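Student: Before we start, here is the structure in question, set down as structure tokens.
The values are calculated or read from the model by the stated rules, or taken from the named source; none is laboratory data. From a predicted model like this one, the values you see are computed outputs, not experimental measurements. Here the Cβ is made from the backbone with ideal geometry for all residues, glycine too, and neighbour counts use every protein chain on show.
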Amino acid sequence: MHYFTEKHPINFENMNVIQNCIIIELPKIQDPRGNLSFIEGKNHFPFEINSAYWIYDVRNGKIPGGHAFKQQNEMIIALSGSLDVVVDDGTNRKIYSLNRSYYGLYIPSGIWYQMENFSTNSLILVLSSGLYFEKD
């Protein structure tokens, strides 16, 4: 059984609810010389990684506009610094604060989200289940 399904059950009957947006603690190997974390698609979260992008040099602490994907799932990780992610399923709204490089926020398709309150010099990694497709 995969790590993700053992520790973080998902409501597969209704995927597009914010209860399925969850913080996942990634492996962390500590060493006196420095720490190492890693991520494996379909092991630490329920999709294969097909694309990745990173966000940096954010001015005024907020990226304008939010979005939701019809089919793609995403994982957001604050590699350095911090940010807040506001998620909304049309009925409920919740704010997740990301400030550790070994925590990721899993966002299933159909969930609207907005990233804001970026700290100075933050570096955010977003892993996606799909390739870039503007109409999604």
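Student: Filter region 22-41 for residues that are assigned to a strand (DSSP E or B), more than 12 Å from the chain's Cα centre (by Cα) and within 25 Å of S128 (Cβ to Cβ) and give the result.
Tutor: Of everything in region 22-41, those that are assigned to a strand (DSSP E or B), more than 12 Å from the chain's Cα centre (by Cα) and within 25 Å of S128 (Cβ to Cβ) turn out to be K28, L36, S37, G41.
Student: Which of the residues that make up region 72-94 are under 15 Å from the mean Cα position of the chain (by Cα) and farther than 20 Å from L26 by Cα? I'd like the intermediate steps shown before the answer.
Tutor: To start, the set of residues in region 72-94 that are under 15 Å from the mean Cα position of the chain (by Cα) comprises 72-88, 94.
Within region 72-94, Q72, V86, V87, D88, K94 qualify.
Student: Moving to a separate point now. Taking the condition closer than 17 Å to I22 by Cβ and at pLDDT 95 or above, does L98 pass? If you could, list the steps in order and put the result at the bottom.
Tutor: Working: closer than 17 Å to I22 by Cβ: yes; at pLDDT 95 or above: yes.
Spelling it out, L98 is indeed closer than 17 Å to I22 by Cβ and at pLDDT 95 or above.
Student: For region 55-70, which residues satisfy the criterion of being under 21 Å from P108 (Cβ atoms) and either more than 15 Å from the chain's Cα centre (by Cα) or at pLDDT 95 or above (or both)?
Tutor: Matches in region 55-70: I63, G65, K70.
Student: Picking from I77, I49, which residue would you name as being surrounded by 14 or more Cβ atoms within 10 Å (Cβ to Cβ) and assigned to a strand (DSSP E or B)?
Tutor: Among I77, I49, only I77 is surrounded by 14 or more Cβ atoms within 10 Å (Cβ to Cβ) and assigned to a strand (DSSP E or B).
Student: Mind listing whichever residues of region 95-110 are surrounded by 21 or more Cβ atoms within 10 Å (Cβ to Cβ) and either more than 10 Å from the chain's Cα centre (by Cα) or more than 14 Å from I55 (Cβ to Cβ) (or both)?
Tutor: Looking only at region 95-110, we keep the residues that are surrounded by 21 or more Cβ atoms within 10 Å (Cβ to Cβ), and these are 98, 104-108.
G104, Y106, I107, P108, listed by residue number.
Student: Which count do you get for residues in region 98-124 that are over 19 Å from H44 (Cβ atoms), in a strand (DSSP E or B) and of a type in the set (S, T, Y)?
Tutor: Adding up the residues that qualify gives 1.
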